[in-house]
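Here's the structure we're looking at; comments come further down.
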């Protein structure tokens, strides 16, 4: 016998998750081309995930479960679908949040898009890494071969750094020569006082 009250709770929960997914994707400028009926069909095709979700709703901890790493999210089926950015019933499926990150995160050999590189550059400009982070980066890069292009960039950066320091040093020396004591009078070179002749 179907428990109408429970099915109503499941339907209401799925409707809230659908609205959250739609808002999340549209907030990133993507076209969310999935109706609520199609969203429910995606869940029904993932029978194991739906059964676990129903258990959690019955236990009344569904929201806590869905927010965890093992919670379920609507995500792309594969990397190609993610790169295309197409969100419809054919490209999306239900996965754990952990597995979704594997699909959406960059893999070895992949490169950022120019707009992503610009965002990263702006976010990191003016920031400094902690000593522990710098040490970890150094360990990760140690022993890796560098291309001729990479070496040329490192050389150009080093030469520019040296030229900048030399210019600052010369500028500092010129300032000291022009104003050796910054307008102060040395202690042993006080202004001459009027002399009184003694008869």
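For the range 67-81, which residues satisfy the criterion of being in a helix (DSSP H, G or I), touching a helix residue (DSSP H, G or I) at 6+ places or on another chain (Cβ under 8 Å) and surrounded by 18 or more Cβ atoms within 10 Å (Cβ to Cβ)?
Filtering the range 67-81 for residues in a helix (DSSP H, G or I) gives 67, 79-81.
With the extra rule that they be touching a helix residue (DSSP H, G or I) at 6+ places or on another chain (Cβ under 8 Å), the set shrinks to 79.
None - no residue of the range 67-81 is in a helix (DSSP H, G or I), touching a helix residue (DSSP H, G or I) at 6+ places or on another chain (Cβ under 8 Å) and surrounded by 18 or more Cβ atoms within 10 Å (Cβ to Cβ), so the list stays empty.
Restricting to the range 24-41, what's the tally of residues that are modelled with pLDDT under 95 and in a helix (DSSP H, G or I)?
Total satisfying the criteria: 3.
Quick check on this structure: which one of 146, 151 is out of contact with any strand residue (DSSP E or B) (no Cβ under 8 Å at 6 or more places or on another chain) and modelled with pLDDT of 85 or more?
One residue alone meets the criteria, 151.
Among (1) over 22 Å from residue 26 (Cα atoms); (2) surrounded by 10 or more Cβ atoms within 10 Å (Cβ to Cβ), there is one condition residue 148 misses while meeting the rest; what is its number?
Exception for residue 148: condition (2).
Just the residues that are surrounded by 10 or more Cβ atoms within 10 Å (Cβ to Cβ) and part of a loop (DSSP other than H, G, I, E, B), please, taken from the range 126-145.
Restricting attention to the range 126-145, the residues satisfying the condition of being surrounded by 10 or more Cβ atoms within 10 Å (Cβ to Cβ) are 129, 133-137.
Scanning the range 126-145 gives a single hit, 129.
In the list 36, 13, 32, which residue meets the criterion of being within 30 Å of residue 116 (Cβ to Cβ) and in contact with a helix residue (DSSP H, G or I) (Cβ under 9 Å, 6 or more places away or on another chain)?
Every option except 32 fails the conditions.
Within the range 154-183, track down each residue that is at negative phi, outside any helix (DSSP H, G or I) and either surrounded by 10 or more Cβ atoms within 10 Å (Cβ to Cβ) or modelled with pLDDT under 55 (or both).
To start, the set of residues in the range 154-183 that are at negative phi comprises 154-181.
Those still in the list that are outside any helix (DSSP H, G or I) too: 179-181.
The answer is 179, 180.
Against the condition surrounded by 10 or more Cβ atoms within 10 Å (Cβ to Cβ), under 21 Å from the mean Cα position of the chain (by Cα) and within 30 Å of residue 50 (Cβ to Cβ), how does residue 102 come out, does it pass?
yes
Before we move on, is residue 19 under 27 Å from the mean Cα position of the chain (by Cα), modelled with pLDDT of 95 or more and surrounded by 12 or more Cβ atoms within 10 Å (Cβ to Cβ)?
It is true that residue 19 is under 27 Å from the mean Cα position of the chain (by Cα), modelled with pLDDT of 95 or more and surrounded by 12 or more Cβ atoms within 10 Å (Cβ to Cβ).
Yes or no: residue 64 farther than 16 Å from residue 30 by Cα and in contact with a helix residue (DSSP H, G or I) (Cβ under 9 Å, 6 or more places away or on another chain)?
yes
If a residue has to be in contact with a helix residue (DSSP H, G or I) (Cβ under 9 Å, 6 or more places away or on another chain) and either in contact (Cβ under 8 Å) with a residue 40 or more places away in the chain or within 20 Å of residue 84 (Cβ to Cβ) (or both) to count, how many in the range 97-137 make the cut?
Counting residues in the range 97-137 that are in contact with a helix residue (DSSP H, G or I) (Cβ under 9 Å, 6 or more places away or on another chain) and either in contact (Cβ under 8 Å) with a residue 40 or more places away in the chain or within 20 Å of residue 84 (Cβ to Cβ) (or both) gives 6.
The values are calculated or read from the model by the stated rules, or taken from the named source; none is laboratory data. Bear in mind the structure is a predicted one, so any value in this text is a computation, not a measurement. Counting neighbours? That spans all protein chains shown, and the Cβs are built from the backbone with ideal geometry, glycine included.
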